[in-house]
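The values are calculated or read from the model by the stated rules, or taken from the named source; none is laboratory data. This is a predicted model, so every value here is computed, not measured. Cβ: placed from backbone, ideal geometry, glycine included. Neighbour counts: every protein chain shown.
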Amino acid sequence: MTDKFVTIYEVGPRDGLQNEAAIVPTKDKIALIDLLSETGLRFIEATSFVSPKWVPQMADALGVMVGIKRKNGVSYAALTPNMKGLEAALSAGVDEVAIFGSASESFSQKNINCTIAQSLERFAPVAKAALAAGISLRGYVSCVIACPYEGAIAPAQVGVVTQALLDLGCGQASLGDTIGKGTPETTGLLLDELLKTVPANKLAGHFHDTDGRALANVKAALDYGLRCFDSAIGGLGGCPYAPGAKGNLSTIPLVEMLHDAGWETGLDMAKLQAAQVYLQRNIAGEKHVL
């Protein structure tokens, strides 16, 4: 890879589909992931091993992981918030697991019913067991710019949570602008703080497009040296605990913007289009596809 290479981390099958109101059939999830596997993506967040009581869309996690056609060179990840989820994910043969913290105390309470400190304590054994099993570990930090309950979040607070996840063994921390209120200016202020102590290659950008600024925020983050960004095919997503949050940054516009600016992604646009068409026709309809 050249110094102009940007990694796209596809989160649509998990972070996107978990927010669909209607239950998506397992066969359609598998078909979507199989199409995405042919695009050149190296990372696909496929599902989440969580309680079906809280996230019914992910109740078929094992069926999804068993049913997909694994492609060499593609890492298939799953969200695992606790030891039970991790054990299930390991038995399903995931390549990477993810844990998540919030930079907002209020959001942490609303999302996972505990304080930030308590969440990190819960994740510690999960992280230790994942690493012991030889599985890659990724961390997510939500509300890195603003919170729907607290408003603006101090970059220093984001730094504390980001460093804590890295200290648990996460190879990368994905910075989530959960309600999409970030601007290039606030993104810059955040990265000014984080990059004092964290290398850019340990960070990824995860921008929601609520106010239509996600691509501008990516451009700002590129200027700071970030080279990995999360996106969701068709702009799937949102957050049930973040009122008004629009979907994730859509994969195709992101890749188009990067290619137009001279960056390399290794992704096949025609195959990405095929995956988006499948999504539109069989899963989400036109309301999501951007």
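Take ASN82 and decide whether it is surrounded by 15 or more Cβ atoms within 10 Å (Cβ to Cβ) and free of Cβ contacts under 8 Å to residues at least 60 places away in the same chain.
Working: surrounded by 15 or more Cβ atoms within 10 Å (Cβ to Cβ): yes; free of Cβ contacts under 8 Å to residues at least 60 places away in the same chain: yes.
Here the answer is yes, as ASN82 does meet what is asked.
I need the full set of residues from region 137-164 which are under 15 Å from the mean Cα position of the chain (by Cα), modelled with pLDDT of 95 or more and within 25 Å of ASP95 (Cβ to Cβ), in order please.
LEU137, ARG138, GLY139, TYR140, VAL141, THR162
Among the residues of region 28-47, how many are aliphatic (A, V, I, L, M) and more than 20 Å from ARG138 (Cβ to Cβ)? If you could, list the steps in order and put the result at the bottom.
Start the filter on region 28-47 by keeping residues that are aliphatic (A, V, I, L, M), which leaves 30-33, 35-36, 41, 44, 46.
Those still in the list that are more than 20 Å from ARG138 (Cβ to Cβ) too: 30-32, 35.
Number of matching residues: 4.
Out of all the residues in region 232-254, is one or more modelled with pLDDT of 95 or more, on the phi > 0 side of the Ramachandran plot and outside any helix (DSSP H, G or I)?
Looking through region 232-254, none of the residues is modelled with pLDDT of 95 or more, on the phi > 0 side of the Ramachandran plot and outside any helix (DSSP H, G or I).
Return the only residue of ASP230, ASP209 being closer than 19 Å to GLY40 by Cβ and among the acidic types (Asp, Glu). Full working, then the answer.
Details: ASP209 fails: closer than 19 Å to GLY40 by Cβ.
Unique residue meeting the criteria: ASP230.
Any residue in region 179-201 that is β-branched (Val, Ile, Thr) and at pLDDT below 95?
Taking region 179-201 and keeping what is β-branched (Val, Ile, Thr), we get 179, 183, 186-187, 197-198.
Remaining after also requiring at pLDDT below 95: 179.
Checked against the condition, which is being β-branched (Val, Ile, Thr) and at pLDDT below 95, region 179-201 yields at least one hit.
Look through region 40-69, keep the residues that are of a type in the set (Lys, Arg) and out of contact with any Gly (no Cβ under 8 Å at 6 or more places or on another chain), and return whichever of them is nearest to TYR9 (Cα to Cα). It would help to see each step written out before you state the result.
Of the residues in region 40-69, the ones of a type in the set (Lys, Arg) are 42, 53, 69.
Within this subset, residues satisfying the condition of being out of contact with any Gly (no Cβ under 8 Å at 6 or more places or on another chain) are 53, 69.
Values: LYS53: 27, LYS69: 18 Å.
It comes out as LYS69.
Pairs please, first residue from region 58-75 and without any contact (Cβ under 8 Å) to a residue 40 or more places away in the chain, second anywhere and surrounded by fewer than 20 Cβ atoms within 10 Å (Cβ to Cβ) and of a type outside the set (A, V, I, L, M, F, W, C), Cβ atoms under 7 Å, 6+ apart in sequence or on different chains.
From residues that are without any contact (Cβ under 8 Å) to a residue 40 or more places away in the chain, the pairs are ALA59/PRO52; ASP60/THR26; GLY63/THR26; MET65/GLY93; ILE68/ASP34; LYS69/ASP34; GLY73/ARG42; VAL74/ARG42.
Hey, can you tell me all the residues within region 122-144 that are within 22 Å of THR178 (Cα to Cα) and in a helix (DSSP H, G or I)?
If the condition is that a residue be within 22 Å of THR178 (Cα to Cα) and in a helix (DSSP H, G or I), then ARG122, PHE123 are the ones that fit.
Residues are listed down the side, and each one gets a yes or a no for (1) closer than 23 Å to ASP230 by Cβ; (2) basic (Lys, Arg); (3) surrounded by fewer than 23 Cβ atoms within 10 Å (Cβ to Cβ):
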residue	(1), (2), (3)
GLY40	yes, no, yes
PRO52	no, no, yes
ALA59	no, no, yes
ARG70	yes, yes, yes
ALA78	yes, no, no
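Looking only at region 79-88, which residues are at pLDDT 95 or above and under 17 Å from the mean Cα position of the chain (by Cα)? Quick ask: steps written out before the conclusion?
Taking region 79-88 first, the residues at pLDDT 95 or above are 79-80, 83-88.
If the condition is that a residue be at pLDDT 95 or above and under 17 Å from the mean Cα position of the chain (by Cα), then LEU79, THR80 are the ones that fit.
Every residue, every condition in (1) surrounded by fewer than 20 Cβ atoms within 10 Å (Cβ to Cβ); (2) under 28 Å from THR186 (Cα atoms), yes or no:
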{"site": "VAL94", "(1), (2)": "no, no"}
{"site": "SER104", "(1), (2)": "no, yes"}
{"site": "GLN118", "(1), (2)": "yes, yes"}
{"site": "GLU121", "(1), (2)": "yes, no"}
{"site": "TYR140", "(1), (2)": "no, yes"}
{"site": "CYS143", "(1), (2)": "no, yes"}
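Quick check on my filter: what residues within region 189-219 are assigned to a loop (DSSP other than H, G, I, E, B) and not β-branched (Val, Ile, Thr)?
Listed by number, the residues that qualify are LEU195, LYS196, PRO199, ASP209, ASP211, GLY212, ARG213.
Any residue in region 246-273 that is among the hydroxyl-bearing types (Ser, Thr, Tyr) sitting within a Cβ distance under 6 Å of a residue that is in a strand (DSSP E or B)? List the pairs, counting only those 6 or more apart or interchain.
That search, which allows pairs on different chains as well, returns THR251/SER231; THR265/ILE8.
For region 145-188, which residues satisfy the criterion of being under 25 Å from GLU96 (Cβ atoms) and either aromatic (Phe, Trp, Tyr) or assigned to a strand (DSSP E or B) (or both)?
GLN172, ALA173, SER174, LEU175, GLY176, ASP177, listed by residue number.
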